[in-house]
Amino acid sequence: MVNWKLDLRLIALIELFIGALMGVPTIMAAFLGESDALFGFGVTYLATTLFCAAILIGTDKPATKNFHARDGFFVVTLTWIAATAFSALPLYVSRSLPDYPSAFFEMMSGFTTTGATTLSEIESLPRSILFWRSQTNWLGGMGIVVLFVALLPALGVTGTMLVGAESVGPTKDKLTPKIKTSALLLWTIYVGFSIMQIILLLLGGLSPYDAITITFSTMSTAGFSTMNNSIAGFESSYVDIVVTVFMVISGVNFALYWRLFVGKAKSVFRDAELRAYLGILGTSIIVSAAYMTISKTFPTFWTSLRYSAFQNTSMLTTTGFTTTNYETWPAFTQMILFFLFFIGGSAGSTAGGIKVVRVVAFFKLARYQLKKRVHPKGVFQVRLGQTVLTSDVINAIATFVGMYIFTGLLGALVLSFSGTDLLTSLQASFLCLGNVGVGFAKVGPQGDFGFFPSFYKWVCSFLMLVGRLELFTVYVLFTKTFWKR
């Protein structure tokens, strides 16, 4: 059974921790004289404090400190919902967004690194609000619970259950025997790359504000921008290149960077998922650039390569940045983007989607089944690089892919009740589920989610949460088994 007192106590402590991280945009609001935003942050601090104080007082001295897998699922899911609920208050109270469902959608999109928005006019919002909006991208990229485990004491419970329930991808590499140390190392790598990108963007002439907010959304593969036209608003090929490089970096399993650091380069370059990830990305970029050059979409191959590299990388890594309206591209290059839309980045990266490792394993499983049809008595293995996939792993991957597609289609069915067209319903559902941020039709590079009525924004928010926590962390809470003793 769920350890209510201990779980609620952990949720309250994590919420206080997230509230403390709101200090930077609050100071910005005060310094810039943004009174509405400052009032919004103040209300949020008050609400968070009262909520957490009530829980901490009511859960004083839990009867037991037993913490099991089900507690991990419960704490992580409720933490993300509560974090979104409170973080949405500044946007709503400051009147930056017209209603609370829109504000909740915006913050769920931020924490889940989706990058979808209900805003059609971004640049008119207070800079402190836009900073907080981008900061939620960065916090959600590596995981807010992972950050909590990394920086604060374990409070008498193991962090393994929490990190395991939140981490994305089918593999959850432990860099060291201690989960707290592993979490800290992952965040150190994440911060290190973030600092590198900020410096490079500053060298490119961007202001500290723009350099930091762009980095927040790049390293988290999220896609929130402070410009109406996303990265295109900077009109800089240098910025395009820097952002493209760091989107590629963010789509790689961060555990591989640790292996490089400790001198295990050979194992990194032999990694099957990394090679597949780079292969898919490289092929899509070159083919798209060549086709757009031949079709004279852009005047030269290098111009085609610039836009192709950025947009294909943005789509595969589920970042959602744009530098051009790709819906004006030839249908063939749009179809390449459409395929990348469903793949996603590597397991253990900040990217969303099905993940490259699952897609590769799924095709290997299909080949295995074809071999078995031809040679029913043959003994074959499903390998991913040097690793032989067990039947449990194969079943888990097949189940995930099946549930992912079913969830996306069911979401599209519900969204179609709003009266929107078929393509938009499908794109909006899978966009939210895959944490992609931008797609086609009304939710394409020139659109947003503002046209959906409030109820459907709640539906999209749920899809974003389910996608970010890999389906089963959330779905398990709706089963009878979870609530049985």
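The values are calculated or read from the model by the stated rules, or taken from the named source; none is laboratory data. Worth saying up front: this structure is predicted, and the values here are computed from it rather than measured. We place every Cβ from the backbone using ideal geometry, glycine too, and count neighbours over all the protein chains shown.
Here the condition is being in a helix (DSSP H, G or I), buried (at least 21 other Cβ atoms within 10 Å of the Cβ) and at pLDDT 90 or above; of L130, L97, it holds for L130 alone. For G408, state whether it is more than 25 Å from F254 (Cβ to Cβ) and within 20 Å of the chain's Cα centre (by Cα). Yes, satisfied.
Within the range 13-72, take every residue that is without any contact (Cβ under 8 Å) to a residue 40 or more places away in the chain and surrounded by 13 or more Cβ atoms within 10 Å (Cβ to Cβ) and give me the one that is nearest to P208 (Cα to Cα). Out of the qualifying residues, it is I27. Residues of the range 428-464 that are charged (D, E, K, R) and closer than 21 Å to A88 by Cβ: D448, K457. Test A289 against the stated conditions and say whether it is under 21 Å from S236 (Cα atoms), of a type in the set (A, V, I, L, M) and not in a loop (DSSP other than H, G, I, E, B). So A289 passes the test. In the set S220, S225, S167, S207, only one residue is modelled with pLDDT under 60, closer than 24 Å to W132 by Cα and of a type in the set (S, T, N, Q); that residue is S167.
Restricting attention to the range 466-477, does a residue exist that is surrounded by fewer than 21 Cβ atoms within 10 Å (Cβ to Cβ), part of a loop (DSSP other than H, G, I, E, B) and of a type in the set (A, V, I, L, M)? Checked the range 466-477: at least one residue is surrounded by fewer than 21 Cβ atoms within 10 Å (Cβ to Cβ), part of a loop (DSSP other than H, G, I, E, B) and of a type in the set (A, V, I, L, M).
In contact with a strand residue (DSSP E or B) (Cβ under 7 Å, 6 or more places away or on another chain) and either surrounded by fewer than 18 Cβ atoms within 10 Å (Cβ to Cβ) or in contact (Cβ under 8 Å) with a residue 24 or more places away in the chain (or both) - does that describe any residue in the range 271-293? There is at least one residue in the range 271-293 that is in contact with a strand residue (DSSP E or B) (Cβ under 7 Å, 6 or more places away or on another chain) and either surrounded by fewer than 18 Cβ atoms within 10 Å (Cβ to Cβ) or in contact (Cβ under 8 Å) with a residue 24 or more places away in the chain (or both).
On the basis of being modelled with pLDDT under 95 and β-branched (V, I, T), does I214 make the cut? No, not satisfied. In the range 381-395, what residues are in contact (Cβ under 8 Å) with a residue 24 or more places away in the chain and crowded, with 16+ Cβ neighbours inside 10 Å? Matches in the range 381-395: L384, L389, V393, I394. Among the residues that make up the range 320-341, is at least one of them under 21 Å from the mean Cα position of the chain (by Cα) and over 22 Å from I231 (Cα atoms)? The answer is yes, given that some residue of the range 320-341 is under 21 Å from the mean Cα position of the chain (by Cα) and over 22 Å from I231 (Cα atoms).
Pairing residues of the range 184-209 that are closer than 28 Å to A255 by Cα with residues that are part of a helix (DSSP H, G or I) and among the aromatic types (F, W, Y), at Cβ distances under 7 Å and at least 6 apart in sequence or on separate chains, gives L185/W258; L186/F254; I189/F254; I189/Y257; I189/W258; Y190/F254; F193/F246; Q197/F246. Take A255 and decide whether it is surrounded by fewer than 22 Cβ atoms within 10 Å (Cβ to Cβ), in a helix (DSSP H, G or I) and among the small types (G, A, S). No. Scanning the range 94-125 for residues being touching a residue at least 12 places away in the same chain (Cβ under 8 Å), over 17 Å from V443 (Cα atoms) and not aliphatic (A, V, I, L, M) gives a total of 10. Of all residues in the range 401-450, those that are surrounded by 19 or more Cβ atoms within 10 Å (Cβ to Cβ), free of Cβ contacts under 8 Å to residues at least 24 places away in the same chain and assigned to a helix (DSSP H, G or I) total 6.
Filtering the range 103-121 to residues that are within 14 Å of N137 (Cβ to Cβ), in a loop (DSSP other than H, G, I, E, B) and of a type outside the set (S, T, N, Q) leaves G115, A116.
Note on the range 10-32: among residues that are of a type in the set (G, A, S) and at pLDDT 95 or above, the one that is nearest to I144 (Cα to Cα) is A29.
If S284 meets every condition in (1) hydroxyl-bearing (S, T, Y); (2) over 30 Å from W132 (Cα atoms); (3) modelled with pLDDT under 95; (4) touching a Leu at 6+ places or on another chain (Cβ under 8 Å) apart from one, which number is that one? For S284, the exception is condition (3).
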